[in-house]
Each structure stands twice: as structure tokens, then as C-alpha cells.
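The values are calculated or read from the model by the stated rules, or taken from the named source; none is laboratory data. Given the structure is predicted, the values throughout are model-derived calculations rather than measurements. Cβ placement follows ideal geometry from the backbone for every residue including glycine, while neighbour counts extend to all protein chains displayed. The protein model used for the area step is the full one, side chains on, heavy atoms only, and it has no ligands, DNA or RNA in it. Shrake-Rupley method; radii C 1.70, N 1.55, O 1.52, S 1.80 Å.
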Amino acid sequence: MLKFDSCNIVFQEVPGEVTLAINLCGCPNACRGCHSEHLQHDSGEMLTVELLWQWIDKYGQAITCICFMGGDVAPAEVHYLASAVKEYSSGSLKVAWYSGKEKLPSDFSVVPFNFIKLGAYIEEYGGLTSIYTNQRFYEVADGMLIDKTSLFQK
């Protein structure tokens, strides 16, 4: 079961969306220079479908997207939770996943996602706002990943 540390309403992680970002624990990537090292530990509270539904009911029209920040320790669970969000919101909420892996698992379906970020944080390349970044932000359209990383770079 995935655990989470916190959640916040954010405006930069998914361009054009008001996003409830859920910070997941147990990150296995251990990126040098990580700005959220505390998320590498097996700590936090269990993230359940019922808790997601409570947040959706609580924030209602104030959010347009839910983003799972991490979850590389259990991508199948991230997929399950993303599907639950889509079903509970009748598709009205967009769903994003920020993964630190270079690519998706071979048997992973992107169907419940609208956006996926891939790539480990490499300190010398910077994050999504850097023109040198190795990370990629994709929009999911018809099962295909369309690179939209340039939306972060000014």
C-alpha cells in the first residue's frame, strides 16, 4: 500500500491546472540533490481510495487535477488510484503522475492519466524548468505520450 506525506494545492506542476499534489513516500530513486529527501523513507499515512474520495469531495470545483508525486515503489498502485480518481470524478478531474524513472514499466497502461512526468532528477541538468533537463513532461492523448516539457521553460 502506498503511503503519503502530505498534499497541497499547487499551480506549477501541471501547466494550466489547479492541482492537488499528493507527495508519496518510499521513493526508491535516491536522486542526488533531491529537494524532498524525506519522501525516500517508508513513513507517512496509508493512501486509500476512500481518502482520495474525501479530498475530491472536500476540494470539489477548486481543483482540476490530481497529481501523484512519486510512487515508483508501486506503479501498479499509482495506476489503480488514478483509475479510481477518474471513475469517482466521472472523468472530470485530470490525473498526473510524476515518476523519477526513465521510462514506464513495460506492461503499464497510460489510459487513466492525462499527464506523466518521467526522469530522475540529475542535479547538473536541473528540473523541468531547465533547458538542459533530462526530465520529460508528457500529455497523454489517445494512448500516446506527447512531449510538453517546453511548457515549463521560459
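Per-structure values
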quantity	calculated
Given (1) open to solvent by 40 Å² or more (accessible area, probe 1.4 Å); (2) at pLDDT below 90, number of the condition CYS25 does not satisfy	(1)
Residues within segment 129-146 that are touching a strand residue (DSSP E or B) at 6+ places or on another chain (Cβ under 7 Å) and not in a strand (DSSP E or B), tallied	1
Meets criteria (modelled with pLDDT of 95 or more and exposed (fewer than 14 other Cβ atoms within 10 Å of the Cβ)) for GLN54	yes
Any hit, segment 100-111, residues being surrounded by 15 or more Cβ atoms within 10 Å (Cβ to Cβ), closer than 19 Å to PHE152 by Cα and touching a residue at least 12 places away in the same chain (Cβ under 8 Å)	yes
Subset of segment 61-96 (residues that are part of a loop (DSSP other than H, G, I, E, B), open to solvent by 40 Å² or more (accessible area, probe 1.4 Å) and closer than 15 Å to VAL111 by Cα)	SER90, GLY91, SER92
